Amino acid sequence: MILVDTSCWVHALRRAGNPVIRARVKALMESGEAAWCPPIRLELWNGVGGEGDRRNLRLLEDVLTELPITAEVWQQAFNLADRCRRAGKTVPMQDVLISACARYHHVSIEHDDAHFSWLMAL
C-alpha cells in the first residue's frame, strides 16, 4: 500500500499533468497499491472545478483504500509537529498529518512535494 499525496493526484487527474507522475499513479492504481486518507480527500474536494472533477473523485472513493486518521495518528502528528518546530521548520499542517498517517500505517508516500521527503526522514 502506498499513500498517494494530493501533489500527485493533481497531476494524475489532469490531462496536462506531468506524464511521469501520471504514469506512477496509474501503475499504483492498476496494482491496487494506491491509497489515500481523509486530509488528501479533503484537499482534492476543495479543488473541484466542475462536474467532471466530482465524477472522478466519486470514482476514486469507490476504489481506493482509505487509511484512517485515528487518535494514534493524531498523536504522531502532534509529536511530528513538535519535532519540526524544534528543527526550525514550518511545515503545512496537512502535510504533517498525512506524514503521521503514513508512518502509523507503515506505508510510503508517493508525492511531488519536498516537505514529505524531509518529514519522512525525521
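Do we find that Ala12 is among the small types (Gly, Ala, Ser) and surrounded by 14 or more Cβ atoms within 10 Å (Cβ to Cβ) in this structure?
It is true that Ala12 is among the small types (Gly, Ala, Ser) and surrounded by 14 or more Cβ atoms within 10 Å (Cβ to Cβ).
Looking at Thr90, Thr65, which is the one that is polar (S, T, N, Q), in contact with a helix residue (DSSP H, G or I) (Cβ under 8 Å, 6 or more places away or on another chain) and either more than 15 Å from Trp118 (Cβ to Cβ) or without any contact (Cβ under 8 Å) to a residue 24 or more places away in the chain (or both)?
Going through Thr90, Thr65 in turn, the sole match is Thr90.
Among the residues of the range 77-107, write down those that are exposed (fewer than 13 other Cβ atoms within 10 Å of the Cβ) and small (Gly, Ala, Ser).
Ala87, Gly88
Return only the number of the condition from (1) among the aliphatic types (A, V, I, L, M); (2) in a loop (DSSP other than H, G, I, E, B); (3) within 14 Å of the chain's Cα centre (by Cα) that Val91 does not satisfy.
All conditions pass for Val91, except number (3).
May I ask you to verify whether Glu110 is closer than 19 Å to Ser7 by Cα, among the acidic types (Asp, Glu), within 16 Å of the chain's Cα centre (by Cα) and surrounded by fewer than 17 Cβ atoms within 10 Å (Cβ to Cβ)?
No: the conditions fail for Glu110.
I'd like the residue in the range 34-65 that is surrounded by 12 or more Cβ atoms within 10 Å (Cβ to Cβ) and polar (S, T, N, Q) and, out of all such residues, is modelled with the highest pLDDT.
The extreme case among them is Thr65.
Considering each residue of the range 89-122, count those that are of a type in the set (A, V, I, L, M, F, W, C) and touching a strand residue (DSSP E or B) at 6+ places or on another chain (Cβ under 6 Å), and give that number.
Total meeting the criteria: 4.
The values are calculated or read from the model by the stated rules, or taken from the named source; none is laboratory data. As the structure is a prediction and not an experimental result, all values here were calculated from the model. Counting neighbours? That spans all protein chains shown, and the Cβs are built from the backbone with ideal geometry, glycine included.
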